[in-house]
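Down below is the structure, laid out as C-alpha cells.
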Amino acid sequence: MEETGRGVRLGVDVGTVRVGVAVSDPDGILATPLMTIARGRAKPAEAGSDLDELVRLVREHSVVEVIVGLPVTLAGQDGPAATAARGYAEALAIRIDPVPVRMTDERMTTVVASRRLAERGVRGRRQRAVVDQAAAVEILQCWLESRSIRGRRGGGERAD
C-alpha cells in the first residue's frame, strides 16, 4: 500500500439508508463528524446518487484518501453488508480516481458510536440522525491511530 502522506482523509460508514461521513485534520490526528447523506434510490453507478455528494466532498476538502468501513462479521468473514460496502467503495473509487479508496475493518463501530452518544445523553431520533456520522468518526479515528502506530513501529518516524 502506497503512502499518501499528509492531507485530509474522509471516513465513510456505508449503510443501506444513510452514509455517515467524517473528516480528518491534514495531520491525520483527529477525525470529526462531517455529515450524514441519505442513500439515494439510484444505483451507485448512476448520476444523482449519494456518491455524487461524496465526490463533491472529496473535491471541496481536497481529500487525499478515503477510508470506507468494511462491516465483516465477528468471525472476520464477508457477509452481505461487506459485499455491499465493497461494491460501494469500488463505485466511489472509479468516480474519484486518482484519490485512493481504502477499506478497513469496522466491526462494532456503530455499536460503539451508539453507546458513546447514549453516554452523552443523545438518544432516540436525535441519535439516529447522527449515529452514522459517529460511526464514520470511529472508522476514521481507528484507521488514523493504527496508521500512526504502524509508522512508529517502522523506525520511529511516520512516512508523512
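Bear in mind these aren't lab numbers, they're just calculated from the coordinates by the rules spelled out. None of the values given here were measured: they were computed from a predicted structure. No Cβ is skipped: glycine too gets one built from the backbone with ideal geometry, and neighbour counts run over all protein chains shown.
Listed values, structure above:
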{"read-out": "Inter-probe distance in nm under a simple model that places probes 7 Å from Cα toward Cβ, at D105 and D52", "value": "3.8 nm"}
{"read-out": "Pair D78, E60: separation of 7 Å Cα→Cβ label points (nm)", "value": "3.2 nm"}
